[in-house]
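Right, one structure below, let's go through it.
Just so it is clear, none of the values below were taken in a lab; they were calculated from the coordinates. These numbers were taken from a predicted model, which means no experiment stands behind them. Quick reminder, even Gly has a Cβ in these numbers, built from the backbone with ideal geometry, and neighbours come from all protein chains shown.
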Amino acid sequence: MTALSWLPDLPDFRARLAALAQHADPWAAAMALATHRLDFLQTNALAATAARLFPTPPPGLASQPIRLAVLGSATTTHLLTAIRTGGLRHGLWLDLFEPAFGQILQALHDPASSLHRFAPHAVLFSFDARHLTAGIHPGLDDSAAESAIADRLDHITRLWERARTAFACPVLQQTALPVLPRLMGSNEHRLAGAPAQALARINAGLTARAAAAGVHLLAIDARAAQDGLAAWHDPALWHRSRQEIRPDAAPIYGDMLARLLAALQGRARKCLVLDLDNTIWGGVIGDDGPDGIVLGPGSAAGEGFLAVQAYAKALAQRGVILAVCSKNEAANALAVFDTHPEMILRRSDIACFQANWQDKASNLRAIAGQLRIGLDALVMLDDNPAERALIRRELPMVAVPEPPEEAARVPGCLADAGYFEALAITVEDRARTGQYRQEHARAALRETATDLAGFLHGLEMRMTVHPFEDATLPRIAQLINKTNQFNLTTRRYAEERLRAMRHAADWIGLCFRLRDRFGDHGIIAVAILQAESESLRIDTWLMSCRVLGRQVEEAMLGVLLEEARRRGARRLLGAYVPSARNAMVREHYPKLGFTACAPDGDGAHRWVLDLAAAAAPASAVRLEVQKVAVGP
């Protein structure tokens, strides 16, 4: 099945679609419609209405608009509306481009082509099975088949490089559907020139090469293996209209692609919030007691709940935050985590534990506040349909999947939904759960400190600063694309653009790492500067909210002042660009001694600091190592 099974049904779709134009916030209403289980026709209807209502990005858009080029060898036009609706579901406004059929190479290599005028923010290569295996046949011996496959992979790798050089943007590569009939059955691998075998090797080669080149995969072959190939491909449609992906599969295709685009902007969800009773164990702890709940070996249901916990634990190990939101007595609920012998999840795995009798919407707000993340970063897993309906009504920005009745099927539901889509895993991701445990220790110190200065000095904070490097670019890009609150300009840059800045003489990229007596925060801040005559302009200044109020920004300013003076600049220029989420840094520059400049009429607030009289403000953060960019 390719239905969006984790989303709720919407019986009154047509009425709500017709009412979009009259809605007080039509973009939000369109996004809400997209978060339902829509078929191909409904997906098309929503995309058409949204395109009419929003020919340009709507005001207050939380994400950056994306221009996506779809470069396919098969027909892809029928997929574009599903891609737009998938983008809408993930809060993205998309502008799409596809070249004329069969014109990929011309569009890519001609600087005057419409593709180059389009200037995409991301490029997707979508090659069909027959295109990839053209010229490969059973008559080839092993050596000739090997050479043909290598040539095909080399050609695709060169296309990636050409797209990156031309557009300095992320490249996505779609794997091919295994639609070619087998010639030898289960032992197809023994016939090197068999097209089906060659295609399997090309898909494997694409995966390996993409990993090495930093290209992001759209793995539709894996999804088709799960759903069944017939759900994705109809040979008759291929011969009629060169559609490798059948229209019925377009909604899931669009959603899968939109998840990748959202992840490029740091818009993947960050926290899985778990209900307890009948969600991660069977029964009601308040009624059944720890010995009466269903959990563990001995029953299919008990093992199913273990599977839910095991999947949640695995998500935490790759960087997803876990929280609990349950209507329960806290002591009863915590006792299960602390003492039940079959529990996979323990108290130390949970970053925020809300077990009380308040409504769940209020508790979710408390969880987001305590974790210092947005409500749109939460996924709430709850077995109770009434609670799910309440959360969707009160907090539409929280993702609330429709879980299967059997707990054993819940991990597959969460995986299918792709809420936690990731392009790469950083060191900071793996350490995230430990960092939240460290934060509890810092909070305990704060409670015992007699004043703020004593608390800050008691943390024994040490900061290091380094230029952008290949090893740290994934984490830097992650911070740039997901940080909303302490972000002065909220400019978004893909890894490819950051890599180009790193090698440009007039750009300076700095990342800041913070440690204290309780542990390592990892990379917590980024500054990007551009040299302009006698000035150094701060293009980007952002910081993780986990270190707010710890005088990190004062220490960062000291570094920027030293770098500006080293380069002979006379002024440090800064700008604050208001967004829906960054009001907290409105007074950032005046607090650091900057003076207001005349506005340019672009909505930005501009500030200047004269270096002749500027001094680094006092900070409890000690600069331990300073290794800034080597430049003029």
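Values for this structure:
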{"item": "The chain: antiparallel DSSP beta bridges as a percent of all, rounded to 5", "result": "45"}
{"item": "For region 271-417, share of DSSP beta bridges that run antiparallel, in % to the nearest 5", "result": "5"}
{"item": "Quotient of Cα Rg and 2.2 N^0.38 Å for region 271-417, N being how many residues it contains", "result": "0.95"}
{"item": "Calculated FRET value between Q358 and H457, using beta carbons and R₀ = 35 Å, to 0.05", "result": "0.40"}
{"item": "Size of charge dipole - the chain - debye, nearest 20, with Cβ of Lys, Arg +1 and Asp, Glu -1, no other charges", "result": "1640"}
{"item": "Under the span-like rule (Cα at least 24 Å along the axis, Kyte-Doolittle mean at least -1.0), DSSP H helices of the chain", "result": "142-167, 195-213, 300-317"}
{"item": "Region 188-213 versus region 543-608: alpha-carbon centroid distance in Å", "result": "51"}
{"item": "Percent breakdown of C-alpha pair distances by 10 Å bin, ordered from the shortest bin, for region 451-626", "result": "10, 38, 40, 11, 1"}
{"item": "Mean shadow area of region 72-181 over all directions, Cα convex hull, nm²", "result": "8.1"}
{"item": "Three semi-axes of the equivalent ellipsoid, the chain, Cα gyration tensor, whole Å, largest first", "result": "41, 35, 24"}
{"item": "For region 37-72 versus region 119-154, the gap between their alpha-carbon centres in whole angstrom", "result": "32"}
{"item": "Cα-based convex hull volume of region 478-526 per residue, rounded to whole Å³", "result": "98"}
{"item": "Hull shadow area, averaged, region 216-328 [alpha-carbon convex hull, nm²]", "result": "10.2"}
{"item": "Convex hull (Cα only) mean projected area of region 471-555, reported in nm² to one decimal", "result": "6.1"}
{"item": "Pairwise FRET efficiency - S114 versus D506, Cβ, R0 = 35 Å, nearest 0.05", "result": "0.70"}
{"item": "Ranked by how many other beta carbons lie within 10 Å on average, peptides 130-142, 465-477 from highest", "result": "465-477, 130-142"}
{"item": "Cα gyration tensor of region 6-60 - equivalent ellipsoid semi-axes, whole Å, descending", "result": "18, 12, 11"}
{"item": "Charge dipole (region 65-264, unit charges on Cβ, about Cα centre) - positive-most of V171, H137, A196", "result": "V171"}
{"item": "Estimated dipole of region 35-109 in Debye, rounded to 20 [Cβ of Lys and Arg +1, of Asp and Glu -1, Cα centre]", "result": "160"}
{"item": "Over region 65-264 - Rg/Rh using Cα atoms and the Kirkwood inverse-distance radius", "result": "0.96"}
